[in-house]
Each structure stands twice: as C-alpha cells, then as structure tokens.
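Report on one structure; see the data block that follows.
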2 protein chains.
Amino acid sequence: MKNYLKIFKALGDRSRLRIVIMLLVKPMCVCEIREIIGTSMSTVSNHLRILKEADLINFQKEEKYINYELNITNNLVQEVLNILKDIDDKIITDDHQKAVKADRSNLC
Amino acid sequence: MKNYLKIFKALGDRSRLRIVIMLLVKPMCVCEIREIIGTSMSTVSNHLRILKEADLINFQKEEKYINYELNITNNLVQEVLNILKDIDDKIITDDHQKAVKADRSNLC
DNA sequence: TCTACATTTCGCTAAATATCGAAATATAGT
DNA sequence: ACTATATTTCGATATTTAGCGAAATGTAGA
C-alpha cells in the first residue's frame, strides 16, 4: 500500500502533477522545470525528491545538467501515466508548449 | 486538472485509500467503516466528505443508514479503481475480510 | 587545482490537514 | 410528537507540508 500512497501523495500537489505531465514531453533539468513552474529552485528540487521517492521519476547526468525523466520501467507508474494523458487543462497545455520550447542554454 | 488533483489528494491518505478499497467489497455505512478503520465517527465522516467532493463515492439512504458506495459512473474513477484492484497488502486483505463480515446490526 | 555554475540541503514560516470529543442535526420507528 | 440513534458539524490541537533564501555540495571544464 505504501507505494500507492506515495504516488497519490506525490500527484496530489499541483506543482508536482504539472512536473510529471510536462516530463511526458521530454526529460528536463531543474532549471528548465523551474522556469515553467515559476517557483524557486529549491522548491522544485524538493518536489523532484518527492517524485523520486515515489518512484515516479529517475534522473541521469548529461554534461553539466541532471535530466529528470519519467520512470516508465515501473508498471504502476505506467498505469498512472496512462490516466494522466487524458487531462484537458489550459495550464497543462501551456506547460506542454513551454516544455517543447524549453532551451537550457538560455536559462541555466 | 482540479478533478485529478482532488482524486489524488483524496487517495493520498492511508485511511481514505483503505475506505475506497473496502468499498470495492460492498457499500457500507459510517458505523461499519468506522469499526474497520478504527478512528472516531467524526473522522470517518470527514474522510467520506472528502471522497465525495473528489467524486470518488456516492451515498444512498437505506432504512436508518446511509450507505456509501463507489461512484463507478465516473470514468476517471473507474480507471483509478482499476489500478487499485492490484494492491497486494496485508492491511487491505484484512480490511477486505472485515468488510465481508461487517454486520451493522451488531455495530450501529 | 581553481572557477563557475547546477543542484541539494538547511532552517524557518505560513498554510493545510488529520484527528478528537462534544454539540447539533436528521430521521426511523414507536 | 417523542425517543433513540445514525450522521454531520464545530472548535481546538498537533502534525505535515509547500515555499523561501542562504549556505553547502558536487562537478565540468579551464
């Protein structure tokens, strides 16, 4: 039950739900996510820690940056992501567009 | 996005997750749920209110009691319940057995 | 090794929330 | 209409949590 609780708790926060859905577009670094969510770096970092502990995401080093990505190797996460794909929401659409355009060389 | 957030927030609490899963067994009244969860009546009532506001459950009068039941008319709820069916957990199994045996005439 | 910079950790505050018992409400059955 | 009882609401408290800025950490590249 604990893994389910962690996932639901993680997704029960507006910022974290937005982060997970924008990672459907592509893996991103803390800087890029921060720019889209609009909170401080430390806050984003904390959200990412919680998402990681719920096993929703992973990270990978790439040059100077740490890329955060959805953990699609987890079956439960896959099922949840499948549900999230149906979300129809203006903020989510905007986030999506910003994620596509996100360019770390201009932000970080 | 709001409906998703409400559902995830509602399910991100241990007691509420247990309630939802035990309602998969059968509709139950506050008394019966209280007996299984083990908190006060008012706490259970509050959890049920939150689950109702997330559109996860409905209620129906039956004699002296109010039966709470899963709202399977909601598509999103259906998808979520489908995920929850896979939970393998001792507390959940125990709850399930207690729900089967629950007899309001001895409790309420 | 030094520097620049991406990220995390820490300490704090404000807001949200789970829980309780007591009081209020509603209603079924006499 | 009265009574018993099922349920909700209220007010209070303790815990959790989201957010911040500053300081610490880690590391890529010069």
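Some points to look at:
- Some residue of the range B:39-54 being within 16 Å of DNA strand C (Cβ to nearest atom), at pLDDT below 95 and loosely packed, with under 13 Cβ neighbours inside 10 Å: no
- One residue alone among A:K6, A:K98 is among the basic types (K, R) and in contact (Cβ under 8 Å) with a residue 60 or more places away in the chain, and that residue is A:K98.
- Only a single criterion out of (1) within 11 Å of DNA strand C (Cβ to nearest atom); (2) farther than 24 Å from B:N3 by Cβ; (3) within 14 Å of chain A (Cβ to nearest Cβ); (4) not small (G, A, S) is not satisfied by B:T93, namely (1).
- Evaluation of B:K85 against (1) surrounded by fewer than 19 Cβ atoms within 10 Å (Cβ to Cβ); (2) under 12 Å from the mean Cα position of the chain (by Cα); (3) among the basic types (K, R) (one fails), failing number: (2)
- Extreme residue, nearest to DNA strand D (Cβ to nearest atom), among residues of the range B:46-84 that are among the aliphatic types (A, V, I, L, M) and away from every other protein chain (no Cβ under 14 Å): B:I66
- Residue-level check: of (1) buried (at least 17 other Cβ atoms within 10 Å of the Cβ); (2) among the aliphatic types (A, V, I, L, M); (3) part of a loop (DSSP other than H, G, I, E, B), B:I72 misses just (1).
- B:D86 falls short on exactly one of the conditions (1) modelled with pLDDT of 95 or more; (2) under 30 Å from A:I87 (Cα atoms), and that condition is (1).
- Only one entry of A:L70, A:L5 meets the criterion of being within 13 Å of DNA strand C (Cβ to nearest atom) and closer than 26 Å to B:Q78 by Cβ, and that entry is A:L5.
- Condition broken by B:K64, with the remaining ones in (1) of a type in the set (K, R); (2) modelled with pLDDT of 95 or more; (3) more than 16 Å from the chain's Cα centre (by Cα) satisfied: (2)
The values are calculated or read from the model by the stated rules, or taken from the named source; none is laboratory data. No experiment lies behind these values; they were computed from the predicted model shown. Positions of Cβ are backbone-derived with ideal geometry, glycine not excepted, and every protein chain shown enters the neighbour counts.
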